[in-house]
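Novice: Next up is a structure, given as structure tokens.
The values are calculated or read from the model by the stated rules, or taken from the named source; none is laboratory data. Everything numeric here is computed off the predicted structure, so don't read it as measured data. Here the Cβ is made from the backbone with ideal geometry for all residues, glycine too, and neighbour counts use every protein chain on show.
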Amino acid sequence: MKVKLLRYTADPELLCGAAALTSTKSGNPSDIFESINLEKARQTVKRVTGYGHASVIEHASFTFSIEEVSRAMTHQLVRHRIASYTQQSQRYVTYDTLKQYVIPPSINGNSEAKKIFDKALESVSEAYNKLLQAGVPKEDARYILPNAAKTNIVVTMNARELRHFFNLRCCARSQWELREVAIEMLRQVKKIAPSLFENAGPTCVELGYCPEGKMKPPECSIDETRKRFQNL
Ligand SMILES: Cc1cc2nc3c(=O)[nH]c(=O)nc-3n(C[C@H](O)[C@H](O)[C@H](O)COP(=O)(O)OP(=O)(O)OC[C@H]3O[C@@H](n4cnc5c(N)ncnc54)[C@H](O)[C@@H]3O)c2cc1C
């Protein structure tokens, strides 16, 4: 799994801070943007988003390349609708089943499970290649490919949607592969724009309690989670 922040809106904190001040200042947004400094922008972003006016951070967008992840993971990722996606196509790219797959740690660390997994992949690989040789187009041969199939995807989200995505997907209840990706995305954007992502992470980091109720994993400590994400 690789997560790379490819591009982001230039000066994201200055931009969102200036946008926030536009609502209360009589001057032009362009003049506000030219005169605002980073400290003032950060204070403004924190104050205004603290009121719950989160739309001001929608002006900053972040584009990631997420590489060598499973189709199981990207299927969950693309459920987040306030985002843009471009994914490697199994219609155009021939898939090498025996090389391009993600193996979950629970299978990799269990020799019996690993044997079953490897055998199934070999069987899929053989069938996929035979279908292609029989003249079946890639777009149809792919119907037998597994959820483990590796893929690449480019994702763009604005800071407000990213915070929502982090609430759900950095959480211990989220599926492990998507959680790893989400935490790495958060780590990278926090460095670029700390005020936009202050207290970002699982919902409990912001709220101080777990909204999952009875579904909260017993080993999950809210205090430790908050410390971990505040220092990420
Ligand atoms: C732990 C976990 C378990 C899950 N289990 C399942 C499962 O078993 N089955 C399943 O199908 N899904 C499951 N999901 C996916 C989940 O239901 C959501 O589809 C996914 O997390 C996207 O979240 P979202 O809709 O809040 O966010 P986004 O699509 O990112 O949207 C962001 C926000 O915009 C608003 N919004 C977006 N679109 C609309 C709209 N059409 N109408 C009104 N408001 C809108 C909402 O406020 C929404 O929260 C699970 C997710 C998690 C984190």
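Novice: Kindly indicate the residue of the range 42-94 that is away from the ligand (no atom under 12 Å from the Cβ) and of a type in the set (Asp, Glu) and also surrounded by the fewest Cβ atoms within 10 Å (Cβ to Cβ) among those meeting that condition.
Specialist: Among those residues, the one meeting the criterion is GLU68.
Novice: Which residue is nearest to the ligand (Cβ to nearest atom), if the candidates are limited to the range 170-180 and must be out of contact with any Asp or Glu (no Cβ under 7 Å at 6 or more places or on another chain) and over 14 Å from GLU206 (Cβ atoms)? Give the derivation first.
Specialist: Looking only at the range 170-180, we keep the residues that are out of contact with any Asp or Glu (no Cβ under 7 Å at 6 or more places or on another chain), and these are 170-172, 174-180.
Filter once more, keeping what is over 14 Å from GLU206 (Cβ atoms): 172, 174-180.
Values: ALA172: 9, SER174: 5, GLN175: 7, TRP176: 11, GLU177: 13, LEU178: 8, ARG179: 9, GLU180: 14 Å.
So the residue we want is SER174.
Novice: Only one of LEU178, LEU162 is under 17 Å from VAL3 (Cβ atoms), in a helix (DSSP H, G or I), touching a residue at least 24 places away in the same chain (Cβ under 8 Å) and in contact with a Lys or Arg (Cβ under 8 Å, 6 or more places away or on another chain); which? Talk me through it step by step, then tell me what you get.
Specialist: Numbers: LEU162 fails: in contact with a Lys or Arg (Cβ under 8 Å, 6 or more places away or on another chain).
Sole residue among the options that is under 17 Å from VAL3 (Cβ atoms), in a helix (DSSP H, G or I), touching a residue at least 24 places away in the same chain (Cβ under 8 Å) and in contact with a Lys or Arg (Cβ under 8 Å, 6 or more places away or on another chain): LEU178.
Novice: A further question follows. So if I check each of ILE144, ILE183, ILE153, which one is within 30 Å of LYS99 (Cβ to Cβ), over 21 Å from the mean Cα position of the chain (by Cα) and β-branched (Val, Ile, Thr)? Can you show your working first?
Specialist: Values: ILE183 fails: over 21 Å from the mean Cα position of the chain (by Cα); ILE153 fails: over 21 Å from the mean Cα position of the chain (by Cα).
From the options ILE144, ILE183, ILE153, the qualifying one is ILE144.
Novice: Let me ask something else about it. Which of the residues that make up the range 158-181 are out of contact with any strand residue (DSSP E or B) (no Cβ under 9 Å at 6 or more places or on another chain) and aliphatic (A, V, I, L, M)?
Specialist: Result: LEU168, ALA172.
Novice: Determine which single condition LYS150 fails, assuming it passes every other condition in (1) more than 16 Å from the ligand (Cβ to nearest atom); (2) within 27 Å of ILE107 (Cβ to Cβ); (3) touching a Phe, Trp or Tyr at 6+ places or on another chain (Cβ under 9 Å); (4) part of a helix (DSSP H, G or I).
Specialist: With respect to (1) more than 16 Å from the ligand (Cβ to nearest atom); (2) within 27 Å of ILE107 (Cβ to Cβ); (3) touching a Phe, Trp or Tyr at 6+ places or on another chain (Cβ under 9 Å); (4) part of a helix (DSSP H, G or I), LYS150 is out only on (4).
Novice: I've got another one for you. Got a sec? Which of THR156, THR225 is within 16 Å of the ligand (Cβ to nearest atom), in the same structural domain as TYR51 (by TED's automatic domain parsing) and not in a helix (DSSP H, G or I)? Working first, answer last.
Specialist: Details: THR225 fails: not in a helix (DSSP H, G or I).
Within the list THR156, THR225, the selection yields THR156.
Novice: Now a separate question. Only helices (runs of 4 or more DSSP H) wholly contained in the range 1-118 count here; list those with 2 or more residues that are more than 27 Å from ARG163 (Cα to Cα) and at pLDDT 95 or above. Don't jump to the end; show me each part of the working.
Specialist: Details: elements: 12-22, 29-35, 38-50, 71-77, 105-108.
Qualifying helices (runs of 4 or more DSSP H): 29-35, 105-108.
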